[in-house]
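Peer 1: Please find one structure pasted underneath; my questions will follow.
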Amino acid sequence: MERSYKTVEVSKDILERFKKVPVATVWSCLNNYLGVPLPFMENVKVMTPNQRLAARARTLRFLPPRPDIDFETKVGEKSPEMLAMARCGEDDVLVADMMGAKYAAIGGDVKLLLLKMNNAAGIVTDGAIRDLDVLNEENYDLIVYAQERTPYGGRPWAEPAEENIDIQCGGVLVRPGDIVVGDNDGVVVVPSWFAEECIEWVEDHEGAEAYIKEKILKENVVPGKYYPPTSDTINEYRKSVGKGPTNH
């Protein structure tokens with residue numbers, strides 16, 4: 001059957017399943033199975049460790065400041081950053097393209113209060129995060145990924161310019177509605193139309209690897225005897241847990 005590339009609304013159930021698997025295996029699926037060369041955000045690291053992120057992307061793009069852009073871009077309640085954050089509800093994450101400006105902040109505690117008010121899942125940016133201590137102390141309950149912490153604002157590097165559009169973040173394409181998956185290793189981006197197929201592949205491979213590890217220890221053999229898993233190994237695992245064969 002031909003795959004559809006239409007954006008879909010990914011269910012909470014699928015998001016919860018992504019929270020239980022490692023980013024490394026999701027990366028393997030995206031890179032080796034789907035053929036996405038750069039699904040991992042480089043130089044974007046976890047600022048709130050030991051939390052699992054799996055949420056729908058709501059996008060915000062920053063651009064270098066210039067008087068004409070300043071004049072054309074609305075401020076206040078209708079500014080791109082406020083509109084982007086207003087789109088973020090439960091199970092949504094604000095993903096901000098800061099063009100890789102390492103110490104440029106996407107915002108601080110006052111602006112980001114809107115994410116707390118909306119019960120958003122978190123923030124991901126290839127820029128920096130400001131007021132992280134306040135976010136933690138005042139229980140914003142946001143999972144944060146960024147290049148660095150900073151006392152700076154966005155200028156002179158960038159100003160928020162557009163929202164709800166395709167962006168890059170950490171060298172990865174992010175489209176509104178994509179699934180952002182993060183753990184202590186970092187962040188990968190799963191196209192919404194691939195999310196269900198991806199999690200099934202990942203769960204199969206995680207289960208098969210656990211199955212293989214047991215066999216290696218039980219037989220006291222070199223891991224290379226069973227690893228990496230083959231389709232036969234995966235189907236052997238699936239049979240062991242009462243599942244039918246797969247084409248993965």
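The values are calculated or read from the model by the stated rules, or taken from the named source; none is laboratory data. Keep in mind that this is a model prediction, so the values were computed, not measured. Cβ placement follows ideal geometry from the backbone for every residue including glycine, while neighbour counts extend to all protein chains displayed. Just the protein is used for accessible areas: all its heavy atoms, side chains included, with ligands, DNA and RNA removed. Shrake-Rupley method; radii C 1.70, N 1.55, O 1.52, S 1.80 Å.
Peer 1: Based on the alpha-carbon gyration tensor of the stretch 1-65 and its eigenvalue square roots a ≥ b ≥ c, which shape applies: rounded if a/c is under 1.5, prolate if not and a/b is larger than b/c, or oblate? Intermediate values should be presented prior to the final figure.
Peer 2: Values: a/c = 1.37, a/b = 1.17, b/c = 1.17.
The shape class here is rounded.
Peer 1: Further question: If you average 1/r across every pair of different Cα atoms in the stretch 36-140 and take the reciprocal, what Kirkwood value do you get, in Å? Before the final figure, lay out each step's value.
Peer 2: Details: mean 1/r = 0.0685 Å⁻¹.
Kirkwood radius, the stretch 36-140: 14.6 Å.
Peer 1: Follow-up question, since we're still on this one. Probe radius 1.4 Å, ligands and nucleic acids ignored: give me the carbon and sulfur share of the accessible area of the stretch 134-248 as a rounded percent.
Peer 2: Working: 2800 of 5930 Å².
The nonpolar share, carbon plus sulfur, comes to 47 percent.
Peer 1: Measuring with a 1.4 Å probe in the full set of protein chains, what accessible area per residue, in whole Å², belongs to the chain?
Peer 2: Values: 12880 Å² over 248 residues.
Ligands and nucleic acids excluded, the result is 52 Å² per residue.
Peer 1: Determine, from the Cβ-Cβ distance of residue 77 and residue 8 and an R0 of 25 Å, the FRET efficiency 1/(1 + (r/R0)^6), rounded to the nearest 0.05. Provide the component values of the computation, followed by the final result.
Peer 2: Values: r = 30 Å, r/R0 = 1.20.
In this case the efficiency is close to 0.25.
Peer 1: Shifting gears a bit: Pull up the DSSP beta bridges for the stretch 46-189 and report the antiparallel fraction as a percent, rounded to 5. Display every interim value, and only then the final one.
Peer 2: Details: 16 of 32 bridges.
Antiparallel bridges make up about 50 percent of those DSSP assigns within the stretch 46-189.
Peer 1: Quick check on the chain: of the DSSP beta bridges with both residues there, what percent are antiparallel, nearest 5%?
Peer 2: On the way: 19 of 35 bridges.
Bridges in the chain that DSSP calls antiparallel: roughly 55 percent.
Peer 1: Consider all pairwise Cα distances in the stretch 51-107 and report the whole-number % of them above 14 Å. Intermediate results must be reported in sequence, preceding the final value.
Peer 2: Details: 980 of 1596 pairs.
In whole percent, the share of Cα-Cα pairs in the stretch 51-107 beyond 14 Å is 61.
Peer 1: Next up: Between residue 197 and residue 90, how high is the FRET efficiency from 1/(1 + (r/R0)^6) when r is the Cβ-Cβ distance and R₀ = 30 Å? Nearest 0.05.
Peer 2: The value I calculate is 0.80.
Peer 1: In degrees between 0 and 90, to the nearest 10, how far off the longest principal axis of the chain does helix 231-240 point, with axes built from Cα atoms?
Peer 2: Tilt relative to the chain: about 80 degrees.
Peer 1: Moving on to the next point. How big is the stretch 168-248 by Rg and Dmax over its Cα atoms, in Å?
Peer 2: When restricted to the Cα atoms of the stretch 168-248, Rg and Dmax are 15.9, 48 Å.
Peer 1: Specify the angular offset, from 0 to 90 degrees and rounded to the nearest 10, of the alpha carbon long axis of helix 195-219 from the longest principal axis of the alpha carbons in the chain.
Peer 2: Once rounded, one gets 50 degrees.
Peer 1: Among 21, 95, 189, whose mean-square fluctuation peaks in a Gaussian network model of the chain (Cα, cutoff 10 Å)?
Peer 2: 21
Peer 1: Classify the stretch 143-199 from the C-alpha gyration tensor, please: rounded if a/c falls under 1.5, else prolate or oblate depending on whether a/b exceeds b/c. Numbers along the way, then the final one.
Peer 2: Working: a/c = 3.27, a/b = 1.58, b/c = 2.07.
Note, shape of the stretch 143-199 comes out oblate.
Peer 1: Taking every Cα atom in the stretch 100-248, find the radius of gyration and the maximum pairwise distance Dmax, and write them in Å.
Peer 2: Looking at the stretch 100-248, its Cα Rg and Dmax stand at 21.0, 61 Å.
Peer 1: Would you work out the relative contact order for the stretch 113-221, in percent, from Cα pairs under 8 angstrom that are 6 or more residues apart? Please list the in-between numbers first.
Peer 2: Details: 91 pairs, mean separation 17.8, N = 109.
So the answer I get is 16 percent.
Peer 1: Another question, then. To the nearest 10 Å², what's residue 5's accessible area with a 1.4 Å probe?
Peer 2: 150 Å²
Peer 1: Report relative contact order for the stretch 1-98 in percent, whole number only (criteria: Cα-Cα under 8 Å, sequence separation at least 6).
Peer 2: 30 percent
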